[in-house]
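Trainee: Dropping a structure here in structure tokens format, bear with me for questions.
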Amino acid sequence: MRTHSLHALSWRQNVNLVRVLARRDLRAMLSRTLLGYAWTLALPLTYVMVFSFYRLIFGISLGSGVPYVPFTFGGIMLWMLFSSIVAGSYQSIASNASVLKKMDTPREVFFATAFVVPSINFGVSLVFFLLICAFFGVFGWGILWLPVALALVYLLAAGIGMLTVAVGVYRHDVVVAVPIVLQVWMLMTPIFYPVELIPESVRWLVYLNPMAGIVATFREPFFLGTPVSLAILLPTALGTFLVAAIGYYLFRRTGRYLADIM
């Protein structure tokens, strides 16, 4: 009975630690800002405006009468959640290295802080997305697939983030390269353009990118009203689970040495 109580107390302490560290990160993000959470919309809206301009120049058509702004924003909000978690993963450990040396706390607790602020930002973006959809008169049963897409985003981000931490502690070049890789990865994901623009003969290469399948899992039923393609969803889910498993394995292997290496 006592052992169970101690485990429950330890679990509560870990949750409280994540809450304290996340609150610190939020204060750091919002300190001395006039617009506060409005800044979370600045980057996705900038992307939408820039690519809307390119769409007009190059005459990119979505077909089926789907409005471009909500279509693009629906993809970019998922991407921003994913990329923000991955980009903050290494820092979630590095910024707490001094605490790691003093406390016998699972490294996953500190890693979890990388999810909090991006998740709050996603919540703000989701509300804005629904308002955009209401303005354009777009809404459908496909919204029910959003939790599935979110689960895959979190899992993939966790796997890539843990890989970044596990390798980055030994080779800091990996950490430096992450923003560049994410930028290229975003452009290779059909977010700002429909996948139909890619020749059908090579379209399967696009879905080797798990984020392409995740975005399609949400956007296709939501905007087009079409059923989710299991030929896309199942390989995407399997690839995501594989990346997460490898990332977690390497993270656990290096976890005990993180405080000493950093």
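The values are calculated or read from the model by the stated rules, or taken from the named source; none is laboratory data. If you're wondering where the values come from, they're calculated on a predicted model, not measured in any experiment. Glycine also receives a Cβ, built like all others from the backbone with ideal geometry; neighbour counts cover every protein chain displayed. Just the protein is used for accessible areas: all its heavy atoms, side chains included, with ligands, DNA and RNA removed. Shrake-Rupley method; radii C 1.70, N 1.55, O 1.52, S 1.80 Å.
Trainee: Does any residue of region 190-200 turn out to be buried (at least 19 other Cβ atoms within 10 Å of the Cβ) and within 16 Å of the chain's Cα centre (by Cα)?
Mentor: Within region 190-200 (the criterion being buried (at least 19 other Cβ atoms within 10 Å of the Cβ) and within 16 Å of the chain's Cα centre (by Cα)), the answer is yes, since at least one residue qualifies.
Trainee: A follow-up question, please. Determine if region 213-234 includes at least one residue that is open to solvent by 50 Å² or more (accessible area, probe 1.4 Å) and within 19 Å of residue 82 (Cβ to Cβ).
Mentor: No, because not a single residue in region 213-234 is open to solvent by 50 Å² or more (accessible area, probe 1.4 Å) and within 19 Å of residue 82 (Cβ to Cβ).
Trainee: OK, next. Hey, residue 180 hits all of (1) of a type in the set (Val, Ile, Thr); (2) farther than 28 Å from residue 133 by Cα; (3) surrounded by 14 or more Cβ atoms within 10 Å (Cβ to Cβ) but one; which does it fall short on?
Mentor: With respect to (1) of a type in the set (Val, Ile, Thr); (2) farther than 28 Å from residue 133 by Cα; (3) surrounded by 14 or more Cβ atoms within 10 Å (Cβ to Cβ), residue 180 is out only on (3).
Trainee: Here is a further query. Identify the residue in region 63-87 that is more than 30 Å from residue 111 (Cβ to Cβ) and polar (S, T, N, Q) and, among all such residues, is least open to solvent (accessible area, probe 1.4 Å).
Mentor: 72
Trainee: Let me ask something else. Does residue 148 count as at pLDDT 95 or above and either part of a loop (DSSP other than H, G, I, E, B) or more than 29 Å from residue 54 (Cβ to Cβ) (or both)?
Mentor: Against the criterion (at pLDDT 95 or above and either part of a loop (DSSP other than H, G, I, E, B) or more than 29 Å from residue 54 (Cβ to Cβ) (or both)), residue 148 qualifies.
A quick yes/no check of all residues on (1) aliphatic (A, V, I, L, M); (2) assigned to a helix (DSSP H, G or I):
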residue	(1), (2)
167	yes, yes
183	no, yes
208	yes, no
236	no, yes
240	no, yes
245	yes, yes
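Trainee: Scanning region 116-158 for residues that are among the polar types (S, T, N, Q) and in contact (Cβ under 8 Å) with a residue 60 or more places away in the chain, which turns out least open to solvent (accessible area, probe 1.4 Å)?
Mentor: 125
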